[in-house]
1. Can you tell me the convex hull volume per residue for the stretch 118-173, based on C-alpha atoms, in Å³ to the nearest whole number?
2. Less than 11 Å Cβ to Cβ from K145, Lys/Arg counted +1 and Asp/Glu -1: what total charge do the surrounding residues give?
3. Find how much the distance from K28 to N409 grows on full extension, using 0.36 nm per residue of separation minus their present alpha carbon separation; answer in nm with one decimal.
4. Could you give the size of the charge dipole of the stretch 136-289 about its Cα centre, using +1 on the Cβ of each K and R and -1 on the Cβ of each D and E, expressed in debye and rounded to the nearest 20?
5. Below 15 angstrom from the Cβ of T328, what's the summed charge of the other residues (Lys, Arg +1; Asp, Glu -1)?
6. Rounded to a whole number, what is D in µm²/s for the stretch 183-293 from Stokes-Einstein with the Kirkwood radius over alpha-carbon pairs (20 °C, 1.002 mPa s)?
7. At a probe size of 1.4 Å, how large is the accessible area of S363, to the nearest 10 Å²?
8. How big, on average over all directions, is the shadow cast by the Cα convex hull of the stretch 101-254, in nm²?
Amino acid sequence: MKTSIKLLLMFCVTMAFGQKHAVEGEIKPVTEAGLYHIPVPYNFRTHATANLRDLRILDDKGNQVPYFLKSATAFKTTQVSDFTEFTVISTAQETDSSSTYIFENPDKSIKQAVFLIANYQGSKSYKLEGSNNKKKWFGIVNNGKLDNLSHPEDTQVYKVINFPLGAYRYLKVVFNDKQSLPINLLKIGKVSAEKETISPIKMDGIPVKTISFLEEDKKTKVHITFERPEVMHQIKLNITGPALFSRDATLYALESREEKRNMETYRKVISSFSLRSDKDFVFDIPAALAGELYLEIDNKDNPKLQISSITFMQKPVYMVAALKPQTTYKVTAGNKALNFPDYDISEVVNTSKQTLPIATIGSVTTLKQNIKSVTETSFWQQPWFMWCCIGLAGLIILYYASNLIKDLNKK
């Protein structure tokens, strides 16, 4: 009997604390080994914790793959108008061995060159040599490497290489083609002024469940609800009229707090901004987690604004991880019991100046039994707890009934 009770208690503990992830997705296979940016899509992120501490990458054997989180940043490219082409004297290519380019230095000294390369998947190692007579060559760079040789929006990419300052009249770059296909080097030159084009960060839209409007006390009060609490960083309004206006607006959430042993509801202001007909209606807001929000617009004695839509956006987040080709990786989230993993990769990898290739998460599956958060109701309100109590009570009654029958038989 004691053994049965212990087993029941162990079952209760397992039911109470054993949790699984709520969503999982599969990373589409990559073709080359290396570091990758893995965007966390909205339909995956919405089931994770607000700070994404529960994200895990698992390989095909179920082992954790180290990663670290990185906010999206705008990529930078060298403008074509700043490019001055060098004279390429000769080119030579040895099949499955090397590609050699000799170009002339038009300046007194040189410490930088710019390569215009047709998009190429992978990296390429090279060495750089210098000469004044094209006969005797001296080393400048022994083991250089070009990474990220593809542009997300163009068919070619500019790569800047830096090397020790020298005064050689001729320079020779030799690419190693022994273990990889040759690259298509279109031009060699320099940039007079390193201007940069910054691509804006593309925000992810957050679906809104309901929007309701209330006109009261010369104010427009908008109530917005979402399917579940979401992290948001931006709000965008589409206002069609009147033609000229300037209104103060406040975005807030309703929170509860204990005041003198009583629970009270108060406004937690997220952001305040001005809606003007001569400006855009897009506003960055402090990162906020909310399942419902309120927008209050002060109309004073003016007619109300004609608002056709309200959109909320969140900044994209990437996982940075080292992936291998021909390997199936699964990404999971939604286990609220997990804490941030402690991986070494964030200490030894610097991607601040790199544009890493993208690996995408597809086949996102939501596990229905885990959609509800365990924090929605107390554990003693859960059905399993009631059945455990009934089972435990039944065992206790059976135990005492058995002892009572034994005592009666003895008498």
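The values are calculated or read from the model by the stated rules, or taken from the named source; none is laboratory data. Treat the numbers as computed from the prediction; the structure is a model and nothing was measured. Reconstructed Cβ throughout: ideal geometry from the backbone, glycine too, with neighbour counts over all protein chains shown. Note: accessible area is taken over every heavy atom of the protein model, side chains too, but ligands, DNA and RNA are not part of it. Shrake-Rupley method; radii C 1.70, N 1.55, O 1.52, S 1.80 Å.
1. 92 Å³
2. +2
3. 130.1 nm
4. The dipole magnitude comes to about 760 debye.
5. Counting the neighbours of T328, the net charge comes to +1.
6. Value of D from the Cα-based Kirkwood radius: 119 µm²/s.
7. Solvent-accessible area, nearest 10 Å²: 100 Å².
8. 17.3 nm²
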